[in-house]
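A.B. asks: Take a look at this one; I'll ask things after.
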Amino acid sequence: MGENMIELAKKNNNLNIIGIEPLLNGQCNLADYCINNSVKNIYIYTYPVQIFFKKYPKLNFSCCYILFPDPWYKKKHNKRRLINFEFLKTLVARTQKIYFLSDNYDYYLKVKSFASKLKNVKIFLSSRKFKTANTKYFLRAKRLKNKLYYLTIDKE
Ligand SMILES: C[S@@+](CC[C@H](N)C(=O)[O-])C[C@H]1O[C@@H](n2cnc3c(N)ncnc32)[C@H](O)[C@@H]1O
C-alpha cells in the first residue's frame, strides 16, 4: 500500500516522493491514504517504471527504494524480474542512492553482481541493514522467518 513512501513523505515533507505503481489496487489504496491523511508530497505514477524513465528522461532522483520486487523464483522466469543489468544501469545513472531489499538470496546476488559490473561510474555497495517501513512483504518475510538481504548502491 505504499507504507514506505508514506513514512518517507511524512518524515520529509520538504521532499517530493514519486510512487511508481502499475497496479490499480495499490494506486487506489495509496491515493486514498494520502487524501484522508493530508499527505501532499506523494505523486503516484500509474505505469511501469520503465515507461516513467522513457517519458521523463531528465528527471533524476536523490534516492530510490526497491523493496521486495517480485522474485520470479523459477530460473526460466528470472528474465521477468524488474532489475536486470540494463535496468540497473539506467537506474544508477539517474539516482544517487538505491536501496534494495529482498528475501530472495538469488535476486540479491544478481543485483550485487550487476552493480559490480557497472562501468564508468563509481559506486559503493553495502549490505548493511537500512530503515524501511513495515511493508506488506516485509511483514510477510518476517512471518515466514525469511532472511532479509539488504543492498545499498551509493554513487560517489
Ligand atoms: C511483491 S510486491 C512488493 C510491494 C512492496 N514494495 C512491499 O514491500 O510490500 C512488488 C510490487 O512491484 C510492483 N511492480 C512490478 N513491476 C513493476 C514495474 N515494472 N514498475 C513499477 N512497479 C512494479 C508491483 O505492482 C508490486 O506492487
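Readers should treat all values here as calculations from the given coordinates under stated rules, not as data from a laboratory. Because the structure is predicted, anything quoted here is derived from the model rather than measured. Cβ: placed from backbone, ideal geometry, glycine included. Neighbour counts: every protein chain shown.
A.B. asks: Per the helix-only calculation at 222 nm, which mean residue ellipticity applies to the chain, given -39500 (n - 2.57) for every DSSP H run of n ≥ 4 and division by its residues, nearest 500 deg cm²/dmol?
C.D. replies: After summing the helix terms and dividing by the residues of the chain, the value is -11000 deg cm²/dmol.
A.B. asks: First measure r as the distance between the Cβ atoms of LYS136 and LYS10, then evaluate 1/(1 + (r/R0)^6) with R0 = 22 Å and state the FRET efficiency to the nearest 0.05.
C.D. replies: Efficiency, rounded to the nearest 0.05: 0.75.
A.B. asks: Taking a threshold of 20 Å on the Cα-Cα distance, which of the pairs LYS76/LYS147; LYS79/LYS142; LYS89/LYS112; LYS79/LYS117; LYS54/LYS122 fall above it?
C.D. replies: Distance filter (> 20 Å) returns LYS76/LYS147; LYS79/LYS142; LYS54/LYS122.
A.B. asks: Work out how much length THR46 to ASN25 would gain on full extension: take 0.36 nm times their residue separation and subtract the Cα-Cα distance, in nm to one decimal.
C.D. replies: Full extension of this stretch gives 6.5 nm more.
A.B. asks: Taking the Cβ-Cβ separation of ARG80 and ILE123 as r and a Förster radius of 22 Å, what is the calculated FRET efficiency to the nearest 0.05?
C.D. replies: Between ARG80 and ILE123 the formula returns 0.30.
A.B. asks: Follow-up question, since we're still on this one. Which whole-percent values make up P(r) of the stretch 1-59 when all C-alpha to C-alpha distances are grouped in 10 Å steps starting at zero?
C.D. replies: 23, 52, 24, 0
A.B. asks: Only bridges whose two residues both fall in the stretch 33-156 count here: according to DSSP, what percent of them are antiparallel, nearest 5?
C.D. replies: Close to 60 percent.
A.B. asks: Distances over 18 Å make up what percent of all Cα-Cα pairs in the chain?
C.D. replies: The calculated P(r) of the chain puts 61 percent of pairs beyond 18 Å.
A.B. asks: Between GLU156 and SER38, what length comes free when the chain is fully extended (0.36 nm per residue of separation minus the Cα-Cα distance, one decimal in nm)?
C.D. replies: Once the chain is fully extended between GLU156 and SER38, it gains 39.0 nm.
A.B. asks: Here's another thing I want to ask about it. Can you give me the distance in nm between label points at LYS54 and ARG143, each placed 7 Å from the Cα along the Cα-to-Cβ direction?
C.D. replies: 3.6
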